[in-house]
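Below: the structure, in structure tokens.
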Amino acid sequence: MRVWRIVPAPALVLRDGDHEVFEGWLRAGLEDQDRSGRPRELGHRQIVAETLKPPPKKLGVTHWSTRLLAGRLGPATPRPTPRG
């Protein structure tokens, strides 16, 4: 029988001076680049704003789940229906 141990992942700890490294990268022009693929149709603000609203009572839940929130926001674009 295999026994698994849970090992905590190290937390991101910023030491004094680390922020200077990040600022140096920005000054050198090493900024985050645009992502490939279709641009987002929902912004982060829209998603957070919807998350902060309570779910409808008809769902019978007190908190949003990922699937419920995705259903509420709907697909970014309609997906083709598979024929078969």
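Since every read-out is calculated from the coordinates, none of them should be taken as a lab result. A quick note: this is a predicted structure, and the numbers were derived from the prediction, not measured. Ideal geometry is used to build each Cβ from the backbone, glycine not excepted, and the neighbour counts take in all protein chains shown.
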Ranked on Cβ counts within 10 Å of their own Cβ, fewest leading, R40, R35 go R35, R40
Spin-label pair L73/K58, simplified geometry with 7 Å Cα→Cβ offset, distance in nm: 2.2
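Need the full-extension length gain, V48 to D34, defined as separation in residues times 0.36 nm minus the C-alpha distance. One decimal, nm.
Values: separation 14, 0.36 × 14 = 5.04 nm, distance 2.16 nm.
Stretched fully, the V48-D34 segment lengthens by 2.9 nm.
State the extension gain, in nm to one decimal, for the chain segment bounded by S65 and E20, taking 0.36 nm per residue of separation less the distance between their alpha-carbons.
Values: separation 45, 0.36 × 45 = 16.20 nm, distance 3.81 nm.
Using 0.36 nm per residue and subtracting the Cα-Cα distance, I get 12.4 nm.
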